[in-house]
Structures are given as structure tokens and as C-alpha cells.
Amino acid sequence: MSQTIGIDLGTTYSCVSYLEGNEPKVIPNLEGMQTTPSVVSFTSSGEKLIGNLALRQAITNPQNTIFAIKRNIKKKFTSREVQEARKKIPYELAEAPNGDVMVQVDSNTISPQEISAMILGYLKKCAETFFGDEVIQAVITVPAHFNDHQRQATKDAAQIAGLEVLRVINEPTAASLAYGLETKKDATIAVYDMGGGTFDITLMEINEGIFHVLGTNGNSYLGGEDFDNRIVSWLIEEFEKENGVDLSDDKLALQRIKEAAEKSKRELSYTLETEINLPFIGSDKSGSKHLKKIITRTKLEELTKDLIQETFLYIDQSLTDANLDADKIDEVILVGGQTRMPLIKELITDFFKKKPIERINPDEIVAMGASIQTAIIKGTLKDLILLLDVTPLSLGIETEKERFVKIIEKNTTTPTKQTMAFTTVEHDQRRVRVHILQGESENIRENISLAVFDLVGIATAPAGVPQIDVTFEIDADGIARVSAKDLTTGREQSIEVRPTSGLTPEEIHSIIRRTREKESE
Ligand code: AMP
């Protein structure tokens, strides 16, 4: 029987785990490391490098080394976040015909799903090498705040990589499964998850093996990368002040500064100051210029404190939504590399009046939870009975004047199903248009459009007579489906709308074909 794995597909690092008996264990990558950089690089000789190999040559090949792709999955090219990111990353982004972001590598445009598939394919290979056996099934984690499109895109990436996704689960939920299995205690917990690209807060109750998510909130565009970018901007400003040279358009210099910034940020979690030293970073008529700068922990905190403070707005909101006070939280679990920053731990301790738990490695806990979920699905783990997750975003439809009506409220336990009856507004109306959106704003323009469909063939009747049942359903993967049925005619007519990742099934299959052909060359 082939093995089943849990995958934490992270923005900066990814991790794979499996269950040995009842104990989650990390599967090392081909180089023996517990986590793998989520980086893909295309060399001038046409080679594709993944993980550490890709990261190692990022400085010499910055334009063709793709990192943090998860931040761009199913993002619109023209969105403010993507346009901001473009100024800071050394590789090129392009616009797909549907408006999504694509990566430009030489003359090829590649979808973020394909890049993610390359990383997943590598992780699959690591697991297969480890087991000496084929690995087909996996549970994959996503940020709790991922919308439907982003979840579907992750599933499509897995399919391209040859993996069958047993379930997509939220990263903080996975973390609390790992925590729950370890402590076996009933508790109300908060999972504070800040990785490279995203921030999530999840409140959860563990009661006799039942894991009940009480609420979740967050921002899929707030993470460690933003901390790095603050240091990068500061270094560029200081360098220009001191040398009169602007480095912001120099891709090679930018990549070197970015790496040094991230390294200094990590070091400042353990020391009070560190030196950034980048010789020959720029030049002018007078010759080469060197960047040499001391950065203190205090400076880093000054540059980034507002990013941490922003996370408390989401925490407040999730507590309000779950009708809980901060002092009702028994434990706070930290997930994601960025939570190693001392100021984050300090502000969390102030807020919850208790120290967060640090004994479970924040880089591995999510993958471990994913492997536990594989056993829950297969029914092989008896200790944990049930996982009740929630939908992070409300689901609803457009009504008159571009208003949004919620049908399934955020933080509703999933899977869930709601049916609403609709009717026609005009005499002899043969068609009803249903526009499905996800989000919290009353204005549809501020929400995410999932799908539009027309229910056609309604029997002629006066306005208000036909009865059309529209059913909204969110499955255990957190993915929504909507179907409609015309009850008046007695003729059953239902339409199912699935979110798309932007790639059609044909495109996914053609990518799989192309990948296989390349591999067999
Ligand atoms: P993850 O997505 O969980 O792998 O988190 C990666 C993020 O954590 C990156 O932005 C890293 O720079 C950041 N990170 C990793 N280690 C540390 C550390 N010791 N101090 C601060 N940030 C860190």
C-alpha cells in the first residue's frame, strides 16, 4: 500500500510529515534537512532547480529564481499588493488573459500553480526516496484565510504534481491537531500563525478529542516578507543618503540586500544587534560603493511594530466573533518562522496575559498536524475523533444595486449546506442570474467573485411565482459549491458551480502531459 503524507506548503519553507504509529515525524528532504525552501530556479542551461539548490544560486540568477510564489497564487496582476511586490522582487511578473498573476521566465509565462506543483513534486520525490515506495495521497495545508480560488489552485498544483489530495486543511487547525495529540488536554487555544507570507489567528476548543474551530481571521498578505521589505527599504534609503546612489532598480543588488535583510532579521531574534555587510553593492563615477550598516533589534522593532500591531486587530475581531474574552484562552500556540521574533512573543504575552507555548517547533507543527489528519480521514487514529473546522469567509450572492447578501456566515462550522428560495421579478422571466461571492463587505466590488451562472429554461409564469431553490454548500476542504433547482416546473434542473484556480481542466492536463514528457526526455 502506498504511503500517505501531510504537506505544509509554506511561502518560504515547506515541510513533509508522516505518522509512525501515532506519532507524527518529519520526512527529511534529499539533502537531509527537515524543511525545504519553497524556491524554484531556472538555469541558463535549461535546468530546473528546487529547494536548497535553487536558493543557493538565487544571487547569481535572481531574475529566474522564484520564491514566495504562494503570495501570488490567484492574485490579480493589477492589485495593489502585486504591484507593490513587483518593485521588491527580482523576478518578473506578467498578467494572464484572465487578469491573474503569472511568472515571466525568459520568454515563458508560468502560472503560480505550476511553480507550486514543482515544489510539491520535489516534496513527493523526497517522501518516495524516504519510504522507497510510491506516494500518491496527501493532506495539504493552506492559510486559514485562503479564499476558494486559492484553495482550488493549491489542489490543482497538487494534481499537476501527481498527488491525490485527501483533504485541504487550514494551517492553524493542523497546528492545533499536533498540539492536541501531544498534550491530550481539553483547552481553549489560540493559534497565532505568521509565516513568510500570511497571518492567521484561529481560536479553537479541544474537548474530549473533538476539535472545534471557534473562529478564524487574518490577512493572506501579511507575513515575514513584509518585515524583510521594511529592512530592505530602510537600507536602500540609508545607502542613498550616505552615497547618493539609488539601488532600488538594481535587481542584483536588491536580491543581495533582501537576503542580507532576512538574515539580519533572523539574527536579531537572538542578538541585540548585527552587521549587514555587502561589499561592491553599487557604484558611481567615483568608484565602487559598499554597504556596511549596523542594525539593532530596537531599529527592527521600530521599522516593523505596526505590522505586529495590525495582527491584534484580527485577534480582536476573531475574539469578538467567537464571543470570547482574551482571558478565556488557556494556551497560545505559535506557528510560522516569523513568530520567533521576540517582540511578537512579548506583545502576545501582554495581550493574553500568558506566555505562548514554544516547545513544539513552529516550522514543523503544521506538517505534523497534516499527517495526523491523514490518519483521521483513514480512521486509523482513534484518539482524535472529530475535527470541526469553520469557513473563514462569508459566502453569498449579489442582489440589487451591487449589494452583497450573506448566505453562509463566516466562522460557520463546515461542512455546511444552506438552501434559499428565490423567485423571478418580471413576468415570464425565463432566466435568473446568480452571482456568487465570498467576503465580508456589503459592496460586491470589495469581495471575491467566485462564479456567475444563469439558471435558464424557467417556465413562463407571473413574477414571483416560480420557486428556485439555490443551495450553498461548503465541503470539508473549505471549498464552496452552489447549485440551483427550479421547483415550479417540477423539472429538476440543477447547476453546480465550482471555483476555478484560473486553469481549466484541459490546461491542467496539458501541463501534466508536458511535465511528464520533460521528465522522460
Ligand atoms: P514559514 O513560512 O513558517 O517557513 O516562515 C518563514 C518566515 O519566518 C520567513 O519570513 C523567515 O524570515 C521568518 N523567520 C524564520 N526564522 C526566523 C527568526 N529566527 N526570527 C524571525 N523571523 C524568522
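The values are calculated or read from the model by the stated rules, or taken from the named source; none is laboratory data. Here the structure is a predicted model, which means the values were calculated and not measured. Quick reminder, even Gly has a Cβ in these numbers, built from the backbone with ideal geometry, and neighbours come from all protein chains shown. The area values use the complete protein model at the heavy-atom level, side chains included, leaving out ligands, DNA and RNA. Shrake-Rupley method; radii C 1.70, N 1.55, O 1.52, S 1.80 Å.
Structure data summary
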quantity	calculated
Candidates Thr216, Thr173, Thr183, filtered to the one that is open to solvent by less than 40 Å² (accessible area, probe 1.4 Å) and either within 16 Å of the ligand (Cβ to nearest atom) or of a type in the set (Lys, Arg) (or both)	Thr173
Any hit, the stretch 127-145, residues being in contact with a helix residue (DSSP H, G or I) (Cβ under 6 Å, 6 or more places away or on another chain), open to solvent by less than 10 Å² (accessible area, probe 1.4 Å), in the same structural domain as Ile110 (by TED's automatic domain parsing) and more than 16 Å from the ligand (Cβ to nearest atom)	yes
In the stretch 424-466, residue farthest from Leu388 (Cα to Cα) [restricted to those that are among the polar types (S, T, N, Q) and under 38 Å from the mean Cα position of the chain (by Cα)]	Asn443
Matching residues, the stretch 31-66, being within 20 Å of Val366 (Cα to Cα) and either in contact (Cβ under 8 Å) with a residue 24 or more places away in the chain or surrounded by 23 or more Cβ atoms within 10 Å (Cβ to Cβ) (or both)	Gln34, Thr35, Thr36, Pro37, Ser38, Val39, Gly51
Glu238 vs. criteria open to solvent by 60 Å² or more (accessible area, probe 1.4 Å), away from the ligand (no atom under 14 Å from the Cβ), more than 25 Å from Val332 (Cα to Cα) and out of contact with any His (no Cβ under 6 Å at 6 or more places or on another chain)	no
Tally, over the stretch 324-360, of residues that are assigned to a loop (DSSP other than H, G, I, E, B) and in contact (Cβ under 8 Å) with a residue 40 or more places away in the chain	7
Subset of the stretch 249-270 that is within 12 Å of the ligand (Cβ to nearest atom) and modelled with pLDDT under 95 - its residue that is most open to solvent (accessible area, probe 1.4 Å)	Glu259
Thr320 hydroxyl-bearing (Ser, Thr, Tyr), open to solvent by 40 Å² or more (accessible area, probe 1.4 Å) and in the same structural domain as Ser264 (by TED's automatic domain parsing)	no
Selected residue (criterion: farthest from the ligand (Cβ to nearest atom)) from residues of the stretch 1-21 that are assigned to a loop (DSSP other than H, G, I, E, B) and under 19 Å from Ala144 (Cα atoms)	Leu9
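Yes or no, residue by residue, for (1) open to solvent by less than 40 Å² (accessible area, probe 1.4 Å); (2) touching a helix residue (DSSP H, G or I) at 6+ places or on another chain (Cβ under 9 Å); (3) within 13 Å of the ligand (Cβ to nearest atom):
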{"site": "Ala326", "(1), (2), (3)": "yes, yes, no"}
{"site": "Ile329", "(1), (2), (3)": "yes, yes, no"}
{"site": "Val332", "(1), (2), (3)": "yes, yes, no"}
{"site": "Gly337", "(1), (2), (3)": "yes, yes, yes"}
{"site": "Leu343", "(1), (2), (3)": "yes, yes, yes"}
{"site": "Glu358", "(1), (2), (3)": "no, yes, yes"}
{"site": "Pro362", "(1), (2), (3)": "yes, yes, yes"}
{"site": "Ser371", "(1), (2), (3)": "yes, yes, no"}
{"site": "Ile376", "(1), (2), (3)": "yes, yes, no"}
